[in-house]
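In what follows, a structure is listed as structure tokens, so that the remarks can point back to it.
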Amino acid sequence: LGARFEEHLLGVLYHLLAKLGDESAMVSDAALHALQTISWACGHGYGKDLGALLAANADRLADTLAHRLRHLEMYPGTPLVLEAVLQVNPRPSTW
């Protein structure tokens, strides 16, 4: 997909992970489908296991989560992203 896609990948991942926990089943299902498609496009396979996609972006995702958790007043949706990461890959030690 090229370098331009990778520049924006983390932002896309972050927002889609936040939508995985949405109250609307339609929104959360759409976010899951989008994440699966991105995983496939990045060469990690297609399926409900998004662990490989998260593992490939773990460092940047962890940095973003740590920063936003320190500034919850500016990023109140951050706990939803953290919850989604833990639900997608319940064993972070496999990253």
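The values are calculated or read from the model by the stated rules, or taken from the named source; none is laboratory data. Here the structure is a predicted model, which means the values were calculated and not measured. Using ideal geometry, Cβ is built from the backbone for each residue, glycine included, and neighbour counts are taken over all protein chains shown. Heads up: the accessible areas ignore ligands, DNA and RNA and are worked out on the full protein's heavy atoms, side chains in. Shrake-Rupley method; radii C 1.70, N 1.55, O 1.52, S 1.80 Å.
Listed values, structure above:
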{"read-out": "Rotationally averaged projected area of the chain (alpha carbon convex hull; nm²)", "value": "6.1"}
{"read-out": "Packing-based ranking, highest mean first, of 23-30, 61-68 given that Cβ atoms within 10 Å are counted", "value": "61-68, 23-30"}
{"read-out": "Gain upon complete extension [Glu83, Asp29; 0.36 nm per residue less C-alpha separation]", "value": "17.8 nm"}
{"read-out": "Integer Hz, Karplus 6.51/-1.76/1.60 couplings in order for segment 73-84, x for Gly and Pro", "value": "5, 8, 10, x, x, 4, x, 5, 5, 4, 4, 5"}
{"read-out": "FRET E, pair Arg70, Ala41, Förster distance 41 Å, beta-carbon r, rounded to 0.05", "value": "0.80"}
{"read-out": "Accessible area expressed per residue, the chain, with surrounding protein chains retained (probe 1.4 Å, Å²)", "value": "63"}
{"read-out": "MRE, 222 nm, helices only [DSSP H, n ≥ 4, -39500 (n - 2.57), over the chain, to nearest 500]", "value": "-21500 deg cm²/dmol"}
{"read-out": "Estimated dipole of the chain in Debye, rounded to 20 [Cβ of Lys and Arg +1, of Asp and Glu -1, Cα centre]", "value": "140"}
{"read-out": "Chymotrypsin sites (Phe, Trp or Tyr not before Pro) within segment 1-53: DSSP coil, no more than 14 neighbouring Cβ in 10 Å", "value": "Tyr46"}
